[in-house]
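See structure below.
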Amino acid sequence: MATRSQAAREAIRAVPGIPRDDDGPVFRAPWEAHAFAMALTLYERGLFSWNEWAAALAEEISRAQGAGDPDTGETYYLHWLATLERLVAIKGVTSTETLHRYRDAWDHAADRTPHGQSIVLQAEDFG
């Protein structure tokens, strides 16, 4: 089993577009680091190989470019997240419907949470 740092190095080799500096991946916002960590965890658990991930990410970026994404790098982790969602649905970890349900609940919780406080999902967020 690969360690977290080994998995990150493998990801950087297999997915050369990952924004990085000399120390490794860099993120513009905390959610980007969370999305990266979720992909690392699912890779470590054997859900996909980095080659499979890289192909799925390339497809997602291509699809976004075809829809007008200027590919300036600012949307990279949006594509990463979309790839993650698509792969977990394809692999049967969850359904697209469940992903949408939780995204909507998260949006509702974020709307009611004062700036600077942690967002906490509550039962009414799923209503």
### Task
Return a yes/no flag: does the stretch 66-80 have any residue that is of a type in the set (Gly, Ala, Ser), surrounded by 16 or more Cβ atoms within 10 Å (Cβ to Cβ) and in contact (Cβ under 8 Å) with a residue 40 or more places away in the chain.
no
### Query
Assuming residue 117 fulfils every condition listed in (1) in contact (Cβ under 8 Å) with a residue 24 or more places away in the chain; (2) over 22 Å from residue 7 (Cβ atoms); (3) among the polar types (S, T, N, Q) apart from one, which condition is it?
(1)
### Query
With the stretch 1-99 as the region, which helices (runs of 4 or more DSSP H) entirely inside it contain at least 2 residues that are under 30 Å from residue 119 (Cα atoms) and either out of contact with any helix residue (DSSP H, G or I) (no Cβ under 9 Å at 6 or more places or on another chain) or among the acidic types (Asp, Glu) (or both)?
30-44
### Query
Can residue 57 be described as in contact with a His (Cβ under 7 Å, 6 or more places away or on another chain), surrounded by 15 or more Cβ atoms within 10 Å (Cβ to Cβ) and either of a type in the set (Lys, Arg) or closer than 29 Å to residue 110 by Cβ (or both)?
yes
### Query
Among the residues of the stretch 21-31, is there at least one that is surrounded by fewer than 16 Cβ atoms within 10 Å (Cβ to Cβ), closer than 26 Å to residue 127 by Cα and not basic (Lys, Arg)?
yes
### Query
Taking the stretch 72-86, which residues are polar (S, T, N, Q) and farther than 13 Å from residue 55 by Cα?
72, 75
### Query
Which numbered condition trips up residue 102, out of (1) surrounded by fewer than 16 Cβ atoms within 10 Å (Cβ to Cβ); (2) touching a helix residue (DSSP H, G or I) at 6+ places or on another chain (Cβ under 6 Å); (3) hydroxyl-bearing (Ser, Thr, Tyr)?
(2)
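Taken together, the values in this text are just the output of simple stated rules run on the coordinates, not laboratory data. Everything numeric in this text was worked out from a predicted model, so none of it was measured. Here the Cβ is made from the backbone with ideal geometry for all residues, glycine too, and neighbour counts use every protein chain on show.
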